[in-house]
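One structure below.
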Amino acid sequence: TDFLIVAWYVPCLASLETLQELCRKENLRCKSIGITNRKLKSYEVEYLCDYKVEEGTEYYLVKWKGWPESSNTWEPQKNLKCPLILQNFLSDKNEYLSRMREGKALKVRNHVKALQPAVADYIVKKAKQRIALQRWKEELNRKKNHKAMILVENTVDLEGPPLDFYYINEYKPAPGINVINGITTGCECADCPAEKCCPKEAGFILAYNKQKKLKIQPGLPIYECNSFCRCGPDCPNRIVQKGTPYTLCIFRTNNGRGWGVKTLQKIKTNSFVMEYVGEVITSEEAERRGQLYDNQGNTYLFDLDYDSDEFTVDAARYGNVSHFVNHSCDPNLQVFNVFIDNLDLRLPRIALFSTRTIKAGEELTFDYQMKGSIDLTSDSADGLSPSRKRIRTVCKCGAVCCRGYLN
């Protein structure tokens with residue numbers, strides 16, 4: 001009898017250090033992940049777990065990188081050549097103790113002989129979170145297709161990276177949905193915009209001025225030059241397709257709104273900031289998912305209603321930085337419909353442009369009820385679509401003109 005053997009290959013979700021820990025724990029060698037006879041006894045501090053003083057000497061409990069926790073050892077401070085890790089340890093300790101004193105500054109006394117278990121436990125959790133967020137930042141920057149960096153920051157709580165979120169750069173269509181309509185022609189302009197340029201062919205004006213800033217009013221579509229156009233990558237009508245041009249930071253908000261996004265660079269008025277992407281599904285599927293999301297308190301459904309209401313973008317599991325942008329009743333971003341390599345009016349790309357000058361360090365927001373029929377919430381269930389008539393959700397945007405509710 002012949003047997004058919006099917007091999008399934010799935011990406012490994014474990015970090016390199018975790019795999020190294022498993023090898024060392026089982027005394028196995030694996031050259032591909034760096035566990036060889038020569039490196040089997042290599043030691044590097046991953047983080048510090050605890051502190052004590054014995055006979056006048058300060059000791060730190062060390063978690064060694066690539067070694068299981070059972071291999072942790074107490075080391076005198078003079079043996080530690082990791083100033084940043086030591087600084088993080090002391091900072092985390094003081095932060096925890098200060099919080100226990102209701103936010104009052106606290107100086108640690110020199111005669112403390114050992115840390116309380118609760119303090120040590122917090123320091124270890126904070127160290128593990130710092131490592132997890134660093135790995136997540138590296139993953140996001142590996143997957144992005146634009147030049148600007150993505151940073152991650154949490155100075156609020158012990159929340160780590162979202163467990164069920166996958167970064168994508170463009171729409172992920174559900175089976176049967178075609179987000180590329182097979183466009184085969186483009187403009188012949190040697191220097192866009194010309195008489196026969198893409199926007200004019202579609203019956204609209206060019207969306208950008210000479211400074212590559214938006215010059216059209218909300219509600220009007222943007223037609224950019226496509227992959228078949230004669231013009232090159234420096235064409236002034238190629239803006240959204242180049243991706244986010246600003247360094248952005250996904251950060252943990254301190255008022256219960258979950259994650260948010262802030263810019264680390266100044267953004268001028270009417271500038272392209274980011275594109276909203278996710279799974280493209282039918283409106284019927286969106287209704288079904290919406291009911292499930294209601295039970296979880298989360299949903300990221302954005303109706304593509306420029307021409308009809310046949311399709312919806314769901315960024316709950318698949319998305320980019322825009323997945324983390326919070327709502328505001330006084331937003332600094334505005335939604336625009338964009339057409340590039342797909343001219344199907346039912347399937348526009350969604351771009352977010354600045355409505356005013358945005359300072360470096362300022363949070364980015366948009367109105368979930370603006371044109372586009374957004375149906376979005378942050379991790380803390382910030383917003384719900386008015387079209388679904390669900391339980392009213394209190395808005396936490398803090399704007400002077402806040403409507404009080406998101407739906």
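With label points built 7 Å along Cα→Cβ from the Cα atoms of Glu287 and Glu188, find their separation and express it in nm.
Result: 4.8 nm between the two label points.
Enter the accessible area per residue of the chain (Å², integer; probe 1.4 Å; all protein chains in place).
Details: 22200 Å² over 407 residues.
Ligands and nucleic acids excluded, the result is 55 Å² per residue.
Multiply the residue separation of Tyr43 and Lys212 by 0.36 nm, subtract the distance between their alpha-carbon atoms, and state the gained length in nm to one decimal.
Computed gain between Tyr43 and Lys212 is 55.6 nm.
Please report Rg over Rh for the chain, where both radii come from the alpha carbon positions and Rh follows the Kirkwood definition.
The Rg/Rh ratio comes out at 1.05.
For the range 220-341, max minus min Cα coordinate along each principal axis, in Å, sorted largest first?
In descending order, the Cα extents are 50, 36, 24 Å.
Give me the dipole magnitude in Debye, nearest 20, for the range 122-267 about the Cα centre, with unit charges on the beta carbon: positive for Lys and Arg, negative for Asp and Glu.
Value, rounded to 20: 620 debye.
Along the principal axes of its C-alpha atoms, what lengths does the range 61-212 span, in descending order and rounded to whole Å?
Per principal axis, max minus min of the Cα coordinates gives 80, 36, 30 Å.
Report D for the range 147-364 in µm² per second (integer): Stokes-Einstein, Kirkwood Rh on Cα pairs, 4 °C, 1.567 mPa s. If you can, show how the numbers build up before the last one.
On the way: Rh = 18.4 Å.
Approximately 70 µm²/s, per Stokes-Einstein.
Along the charge dipole of the range 147-364, which of Cys192, Leu364, Tyr293 sits closest to the positive end, that is, farthest toward it, with unit charges on the beta carbon of Lys, Arg, Asp and Glu (+1, +1, -1, -1)?
Of the candidates, Cys192 comes out farthest on the positive side.
What distance in nm separates the two pseudo spin-label positions at Thr247 and Gln134, each 7 Å out from Cα along the beta-carbon direction?
If labels sit at Thr247 and Gln134, their model points lie 1.8 nm apart.
For the pair Asp344 and Ala399, how long in nm is the line joining their label points, each one 7 Å along Cα→Cβ?
Roughly 3.2 nm, to one decimal.
Using the Cα gyration tensor of the range 145-185, with a ≥ b ≥ c the square roots of its eigenvalues, what is the shape: rounded (a/c below 1.5), prolate (a/b larger than b/c) or oblate (neither)?
The shape class here is oblate.
Let me know the shape class of the range 109-184, please: from the alpha-carbon gyration tensor, a ≥ b ≥ c as square roots of the eigenvalues, rounded when a/c is under 1.5, otherwise prolate if a/b is greater than b/c, or oblate.
It is prolate, given that a/c is not under 1.5 and a/b is the larger ratio.
FRET efficiency for Ser227 and Cys30, Cβ-Cβ distance as r, R0 = 45 Å, nearest 0.05?
Efficiency, from the Cβ-Cβ distance: 0.55.
If you filter the range 222-256 for chymotrypsin sites (Phe, Trp or Tyr not before Pro), then keep DSSP loop positions with at most 13 other Cβ within 10 Å, what is left? Walk me through the numbers before you get to the answer.
Numbers: sites: Tyr223, Phe228, Tyr246, Phe251; in loops: Phe228, Tyr246.
Sites meeting the loop and neighbour criteria: Phe228.
Charges at C-beta only: +1 for Lys and Arg, -1 for Asp and Glu. How large is the resulting dipole of the range 206-304 about its Cα centre, in Debye rounded to 20? Each step should come with its number before you reach the end.
Values: 14 positive and 9 negative charges, 175 e Å.
Result for the range 206-304 is approximately 840 debye, rounded to the nearest 20.
Report the charge-dipole magnitude of the chain in Debye, nearest 20, computed about the Cα centre from +1 at each Lys and Arg Cβ and -1 at each Asp and Glu Cβ.
That gives a dipole near 1640 debye.
Let me know the Kirkwood hydrodynamic radius for the range 47-140, please, with Cα pairs as the basis and the value in Å to one decimal.
14.3
Between beta-carbons, use under 12 Å as the cut-off and find the net charge around Arg238, counting Lys and Arg +1, Asp and Glu -1.
Values: positive: Lys212, Lys242; negative: Glu224, Asp234, Asp341.
Every neighbour counted, the sum reads -1.
Check which residues have an amide H placed less than 5 Å from Ala207's amide H, if you skip close sequence neighbours.
Tyr223
Tell me, what ³J(HN,Hα) does each residue in the range 261-277 have, in order and in whole Hz, if you take phi through Karplus 6.51 cos²θ - 1.76 cosθ + 1.60 with θ = phi - 60° and put x for Gly and Pro?
Along the range 261-277, the couplings run 10, 10, 8, 9, 10, 5, 10, 7, 4, 6, 9, 6, 10, 6, 9, 9, 10 Hz.
Using packing as a proxy for protection, rank 174-180, 120-126, 274-280, 86-92 so that the peptide with the highest average count of other Cβ atoms within 10 Å comes first. Let's see the in-between values first.
Details: 174-180: 11.7, 120-126: 18.7, 274-280: 23.1, 86-92: 15.7.
Descending mean neighbour count gives 274-280, 120-126, 86-92, 174-180.
Using a 1.4 Å probe on the protein chains only, how many percent of the accessible area of the chain belongs to carbon and sulfur? Before the final figure, lay out each step's value.
Working: 11430 of 22200 Å².
Exposed carbon and sulfur together represent 51 percent of the surface.
The values are calculated or read from the model by the stated rules, or taken from the named source; none is laboratory data. For clarity, every value in this text was computed on a predicted model and none was experimentally measured. Heads up, the Cβs are rebuilt from the backbone with ideal geometry, glycines too, and the neighbour counts pull from every protein chain shown. Ligands, DNA and RNA are stripped out before the accessible areas are found, and what is left, the full protein with its side chains, is counted by its heavy atoms. Shrake-Rupley method; radii C 1.70, N 1.55, O 1.52, S 1.80 Å.
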